[in-house]
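Colleague: Take this structure first; my questions come after.
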Amino acid sequence: MHTTVWRNRKPLEREMGENTQDGTPGSWFRVTFHFMQNGARFFVQEASTASALMDVSYKIRDEESRKIPVFVSPSAVPYSVRDKLKPEEMEQLKLTLSKRFDVSQQALDLQRLRLDPDLVGYDIDIFLNRRSCMAATLQVIEKYFPELLSLNLSSNKLYQLDGLSDIIQMAPTVKILNLSKNELTSVWELSKMQGLKLEELWLQGNPLCDTFPDQSTYVRAIRECFPKLLRLDGQELPSPVTVDVDTPYIVKLCKGSYFGSDELKSLVLQFLKQYYLIHDYGDRQVLAGAYHEEACFSLMIPFHPEDPAPSSLCKYFKDSRNMKKLKDPYLRVQLLKHTKRVIVHTLCVLPKTQHAFSSFVVDTWFQTETMLCFSVSGLFKAVEGSSQGCVRAFTRTFIATPARYASLCIVNDELFVRDADPSETQSVFSIPLPTPTSSSMHPSPSSSRTSCRHPPPHLR
Amino acid sequence: MRKSSSSSSSQGDRERHQGDRERHQGGSGDVFEQPHTSHGRQESRTRRDSGNPAEEAAGTTPMARPMDFKIYVDQACKAAEEFVNIYYETMDKRRQALTRLYLDKATLVWNGNVVTGLEALTKFFDVLPSSEFQVNMLDCQPVHEQATQAQATVLVVTSGTVKFDGNRQHYFNQNFLLTAQSTADNIVWKIASDCFRFQDWESS
């Protein structure tokens, strides 16, 4: 069945397509959905489906409340289905393309493909303007040349790129594309491939090149489709005026730990090492020595509304103080652990852990004479209970004041814990953790008691 | 910003810390130059002086908190919630106004890069691509007065997702130190320091 959806007045084609799609099962549009002037045309297979569509004619409305007519007429099997290459034709196409593939360059040269003797000899017509032919070609590329870097489609009489637009999904690695000596008349055709991260493009010999008043307008228009383009028609492009602002740029900026100075680095690292040795291997009561009498501690874990099943972080859940969820002022006070006695009690009840020092990233982000703020991110492993072996990621922010003997006294402590992503955990826990030595690890009970008010010797 | 409890042991503590503070003080370049006083502070001081010996005596029950601590927590929560709404909205929609939320000498540590002062911050945010932040988590704590030289200060911790220029989504963690700045008729919270990191900064 051949269905056409019409609109009376000037439509915005895209919007109409989406509107119509909203109310219908998705698969109807798979078969040659395309826009024709004021309408969108597609095929459905069943007469019952077509009749259901006809029933909504003039009943559904667009966003401007205009009624949308639907026309249905019986039709033969659409070209795209009818022209689908037979398996033996696909095989011959694959052989032809393989001959034209240069593995060392990851380059595929499809110049004048329709005239290739390997195809003509077998009486196979490959006209890349046909969707079925372009689709078959892209399928071969996807399956056999998944790392393709360079694609040459010059001299193929291409006047539209509807079929090639699938290259974004099927050959996303392509960086060099040659479309020269075709019959493209408008940049609109190129914009169908927007999203392809092209670095080099050849367009000379297409009518569209002559539609621009000057070279810079031409370059700008092409660059709008392909912002990462470095070369056009063999010419190096001037660097864009604006900074290249996509994700790689952002990520390139990222650096490791920031300490500010070597002194702070050794102070903070020494502190963290001692803190986590006691935290992981010692008696957490001893950590009292690291906290100010009136220190604060709180923690939070992610809350996933889409995943109501009990999180593996449930041991942390009852203390989680995520104020995005927790609105009760009383609970907000309750969950902010205040005074070192309460904090140490809380820490002692939290699950036993092993922190991976090698994973630590530290930012020392504020310093005055009287305070030091630093945050440490990294990984730890649960070492007991049902979640034994689970790897978590954490970020912990400390605010500390200077204490005696060049050590630190924690006044604020905020802990964020989440499940670690498998990609993060690779190799981290294969590195052996620092083995505790008897002197620093198991301080005698008396030493912890006497040094209550100030950090115990091993924290100094 | 909190006052010590009135129990004798922490009284002793306070004196000792006072001494510490004098020893460590004296940097005129600190962000926290002006000790801040407000009505709220005066009130809580009075409360503290009236004494609340229950706190130390109450053993492990977390119920026994001095009233002034609760006031500071409420104040911190209110400041943090208001701030976070304004900050990320400004970041996403009115980037050019963002530095108004920072103190003149504020510092930003952004994925390990340090940016200090309004001029550098303006430049940094100018170059940073347009953003779509979503904050999923928020926590805050009043920062102890001993660290802040009695300048009302709140630690704000956020976590969520961000897309720069509509690109791939990153999870992030961010910390802020907010300090209360008194103006003619009210208190304005400004950022003294800001620390931002992608959770996946290494694998990106």
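Since every read-out is calculated from the coordinates, none of them should be taken as a lab result. For clarity, every value in this text was computed on a predicted model and none was experimentally measured. Note: ideal-geometry Cβ built from the backbone for every residue, glycine included; neighbour counts use all protein chains shown.
Colleague: Sorted by mean Cβ packing within 10 Å, highest first, what order do the peptides A:332-339, A:150-157 take?
Modeller: Those peptides, ordered most packed to least, come out A:332-339, A:150-157.
Colleague: Which order do the peptides A:47-59, A:312-324 take when ranked by the mean count of other beta-carbon atoms within 10 Å per residue, highest first?
Modeller: Result, highest mean Cβ count within 10 Å first: A:312-324, A:47-59.
Colleague: Roughly how crowded by other chains is peptide A:410-423, in terms of the mean Cβ count from those chains within 10 Å of each of its Cβ atoms?
Modeller: For peptide A:410-423, the averaged partner shielding equals 4.
Colleague: Shifting gears a bit: Using DSSP to call loops (not H, G, I, E or B), can you name the trypsin sites (Lys or Arg not before Pro) in the stretch B:144-204 whose Cβ has at most 15 other Cβ atoms within 10 angstrom?
Modeller: B:ARG168
Colleague: How would you order A:354-367, A:195-208 from highest to lowest mean count of nearby Cβ atoms within 10 Å?
Modeller: By packing density, highest mean first, the sequence is A:354-367, A:195-208.
Colleague: So what's the net charge close to A:PHE212: Lys and Arg +1, Asp and Glu -1, counting the other residues with Cβ under 13 Å from its Cβ?
Modeller: -2
Colleague: Provide a whole-number value for the mean count of partner chain Cβ atoms within 10 Å of the Cβ atoms in peptide B:166-176.
Modeller: For this peptide, the per-residue mean of nearby foreign Cβ atoms is 4.
Colleague: Under a crude label model (7 Å from the Cα following the beta-carbon direction), how far is A:SER98 from A:ARG66 in nanometres?
Modeller: Between A:SER98 and A:ARG66, the simple spin-label model gives 5.3 nm.
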